[in-house]
1. With +1 assigned to the C-beta of every Lys and Arg and -1 to the C-beta of every Asp and Glu, and no other charges, what is the dipole magnitude of the chain about the Cα centre in debye, to the nearest 20?
2. Provide the FRET efficiency to the nearest 0.05 for the GLU20-LEU68 pair, computing r from the beta carbons and using R0 = 41 Å.
3. Can you give the FRET efficiency for SER76 and VAL56, using 1/(1 + (r/R0)^6), R0 = 22 Å, r = Cβ-Cβ distance, to the nearest 0.05?
4. For segment 1-42 and segment 51-72, what is the centre-to-centre distance using only Cα atoms, to the nearest Å?
5. Got a sec? Charge dipole of the chain, +1 on Cβ for Lys and Arg, -1 for Asp and Glu; which of ALA47, TYR61, LEU6 is way out at the positive end?
6. Report Rg/Rh for the chain, rounded to two decimals, where Rg is the Cα radius of gyration and Rh the Kirkwood radius.
7. For segment 36-86, what is Rg from Cα atoms divided by 2.2 N^0.38 Å, rounded to two decimals?
8. Suppose only helical runs count, i.e. DSSP H with n ≥ 4. What mean residue ellipticity at 222 nm does that imply for the chain under -39500 (n - 2.57) per run, divided by all residues and rounded to the nearest 500 deg cm²/dmol?
Amino acid sequence: GFVPGLFGTSHGALQFMAYEDLKERYNKYRNRVSDTKLNTVEYIMMAAISKIFAVVATYPYQVVRARLQDQHNTYSGVFDVIHRTWR
């Protein structure tokens with residue numbers, strides 16, 4: 001539990017990293033200072049794109065974690081879960 005739990009915190013970190021990078025690149029594209037505040041539509045778009053990135057990056061981990069917690073199946077470890085899920 002502890003190590004998979006720590007890995008689960010990466011979702012928020014990835015989303016924050018992606019949001020900040022997108023905002024900086026977008027402001028550079030618009031020839032603005034990198035810390036310029038976004039308007040509402042820009043904010044929603046950057047937040048949605050960064051959330052999609054974080055979900056896509058961490059969803060496989062969520063599947064493995066849920067299967068490890070399933071009491072109806074017995075797995076010999078993480079690699080067994082990944083192998084059986086892939087198959």
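1. On the way: 11 positive and 7 negative charges, 40 e Å.
Here the chain has a charge dipole of around 200 debye.
2. On the way: r = 32 Å, r/R0 = 0.78.
Calculated transfer efficiency: 0.80.
3. On the way: r = 28 Å, r/R0 = 1.27.
With a Förster radius of 22 Å, E is 0.20.
4. Between the Cα centres of segment 1-42 and segment 51-72 lies a distance of 21 Å.
5. Highest projection toward the positive end goes to ALA47.
6. Values: Rg = 17.9 Å, Rh = 15.1 Å.
Here Rg/Rh amounts to 1.18.
7. Values: Rg = 17.3 Å, N = 51, 2.2 N^0.38 = 9.8 Å.
Output field value: 1.76.
8. Only helices count here, giving -25500 deg cm²/dmol.
Read-outs throughout are calculated quantities, based only on the coordinates presented, and are distinct from any laboratory measurement. Small disclaimer: the values here were computed from a predicted structure and weren't measured. Note that we place each Cβ from the backbone using ideal geometry, even for glycine, and neighbour counts take in every protein chain shown.
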